[in-house]
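Read through the structure below, which is laid out as structure tokens, and then see the notes.
Here, each number is a calculation from the coordinates, and none is a lab measurement. Nothing here was measured: the structure is a model prediction, and the numbers come from that model. Don't worry about glycine lacking a Cβ; one is built from the backbone with ideal geometry, like all the others, and counts go over all protein chains shown.
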Amino acid sequence: MILTQTAETKASAIQMRGITKTFGEVIANNSINLDIRYGEVLSLLGENGSGKTTLMNMLSGIYFPDAGEILVNGEPVIIRSPKDAFDLKIGMIHQHFKLVDVFTAAENITLGSQQKGRYDKKEVARRVREICSKYGFEVNPEQKVYTMTVSQKQTLEIVKVLYGGADILILDEPTAVLTLQETEKLFSVIRNMRADGKAIVIITHKLNEVLAVSDRVSILRHGEYIDTVNTKDATEASLTEMMVGKKIALNITRDDIPNKEKRLSVKHLSVMSPEGVKVLDDINFDLYSGEILGVAGISGCGQKELLESIAGLQKTEAGASILYYDASDAAEKQLIGTNPKQIRNLGIHLSFVPEDRLGMGLIGSMGMTGNMMLKNYADGKSLFLDRKQPKDLAEKIREELEVVTPGIQTPVRRLSGGNVQKVLVGREIAASPAVLLTAYAVRGLDINTSYTIYNLLNEQKKSGVAVVYVGEDLDVLLELCDRILVLCGGAVSGIVDGRTATKEQVGALMIKR
């Protein structure tokens, strides 16, 4: 039952008092106090590893606090499991979705529900449509999850917790994989839920979104509570300073590099999906040393397949050509038909930061040292691999990118998403590539670390590396990239100059067919 609220003050949904959580020697949360109110959107802001997700995981029953007290609607509660949270009308939408791919939307929604009696398909569909109509969602109850886009899956997760009766919703990095258009649609839904009196918490790193959708902002730093401010009184600069404890220059350097040389020439590149759908359609472009080529497009328009084709991970259609030009060798080298090891054997230093961090980029059960070794394990001269160099590299990346981890041997799956990304990006850049392919390199990273990555990419560019940057933030693409290749439906709809193009121009090309 949502409590009555007045225009002057909104009723308290949750009060967290002195919440502390440790993992070994790491203090994730240190005596945190936080208030969450009905009828408002609270943004929870902080750098990677600051304890945001851990704090909310204690509300959702994933973790149990070592110390402190939680009050829901003014009453002390004990939340030992997700079921306890569910009973208290608390629902969390995690960054990694918890859906069964082969089930329909309706079947996923009712999984784990306490609905009594037989499963009534029509009644479930009626209630889903009712929720969608009320808040502005679009969900087809009969659609299988494996056919859904990322945006549709996220929508389904939100509908799922609302169907369960949640009045308090926690969204962990809700826009991390959404396009600009999908983000605006989500914000419209969030505003509708706020107007209906729901209490909403958003964990995010995107300051422009914090300012656009929230009412208040609470900041954590290194597991400590810093402050809560009204969004109307905040700016990107003021929030950044509270997050990192110092002023950060929010501008991306873009240098002009003379004497660029052609490094890759992609011609007539087409790729078919396993289902027989053409996901890349006759792609043509050149990539030069000393430049950052941005790739923009709505999610699922072929960005993943484009990078994987260059990296030797995708089967391409007949007639495709990807030629590599070496500064020290007059003869070009054909990459079509090669795998990553064969590309390496050709003497081509190519690094790839894939979209799937733990599925393709890193092994979750291994620590940082083990994951550093993956890049060169095939070069081992004996049964006993040298661990000193990978260990030194792991320590260097940990220090320079400020990776928050109990130790370099801690399995990387135990790290936050942002820290996992730091490990992956650091390893690939450390390989001194001639071509660096990056898919969403700053996804899930706080603003301070994002600018560190932008600077690293610029340093690569200045040293003559040809960089491909697939990104979702058009503002960053326009500030960082020298040229921007825009994909729409698997085809190139345009290549524009990053210095003169506008967000509106790129946005129009993203939906042009």
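Values computed for the structure shown
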read-out: Dipole magnitude of region 119-241, debye to nearest 20 (Cβ charges: Lys/Arg +1, Asp/Glu -1, about Cα centre); value: 600 debye
read-out: For region 131-200 and region 12-84, distance of Cα centres in Å; value: 23 Å
read-out: Cβ crowding within 10 Å averaged over residues, with 128-135, 164-171 ranked highest first; value: 164-171, 128-135
read-out: From the C-alpha gyration tensor of region 252-315, square roots of 5λ in Å; value: 26, 14, 9
read-out: Lysine pair count for region 227-349 [Cα-Cα under 25 Å; pairs on different chains or 8 or more apart]; value: 20
read-out: DSSP-defined beta bridges in region 12-244 - what % are antiparallel, rounded to 5; value: 55 percent
read-out: Rounded if a/c under 1.5, otherwise prolate or oblate - region 29-138, Cα gyration tensor axes; value: prolate
read-out: Among 211, 430, 502 - extreme Cα towards positive end, dipole of the chain, charges at beta-carbon; value: 430
read-out: Hull volume in cubic angstrom per residue (convex hull over the Cα atoms of region 246-377); value: 185 Å³
read-out: Förster radius 41 Å - calculated FRET efficiency between residue 254 and residue 64, Cβ distance, rounded to 0.05; value: 0.30
read-out: Gain upon complete extension [residue 396, residue 502; 0.36 nm per residue less C-alpha separation]; value: 34.3 nm
read-out: Ratio of the Cα radius of gyration of the chain to 2.2 N^0.38 Å, where N counts its residues; value: 1.01
read-out: Cα lying deepest toward the dipole's positive end in region 240-383, options 367, 299, 353, charges on Cβ; value: 367
read-out: Binned Cα-Cα distance frequencies in region 12-244 - 5 Å width, integer %; value: 1, 7, 14, 18, 20, 17, 12, 7, 4, 1, 0
read-out: Beta bridge orientation in the chain: antiparallel %, DSSP, nearest 5; value: 55 percent
read-out: Gain in span if fully extended, residue 275 to residue 413, counting 0.36 nm per residue against the direct Cα distance; value: 46.6 nm
read-out: Burial order of peptide ranges 20-30, 432-442, 336-346 (average beta-carbon count within 10 Å, highest first); value: 432-442, 20-30, 336-346
read-out: Whole-Å distance, taken between Cα centres, linking region 249-291 and region 479-513; value: 12 Å
read-out: Residue-span extension gain [residue 143 to residue 342] - 0.36 nm each, minus C-alpha spacing; value: 67.5 nm
read-out: Residue (of 180, 137, 477) at the positive-pole extreme of the chain, dipole from beta-carbon charges; value: 137
read-out: Label-to-label distance, nm, for residues given as residue 23 and residue 215 (7 Å Cα→Cβ offset); value: 3.2 nm
read-out: ³J(HN,Hα) computed for each position of region 13-18 - Karplus, 6.51 cos²θ - 1.76 cosθ + 1.60, integer Hz, glycine/proline x; value: 8, 9, 10, 10, 10, x
read-out: Distant-in-sequence amide H partners of residue 488 (H built 1.01 Å from N, under 5 Å); value: 493
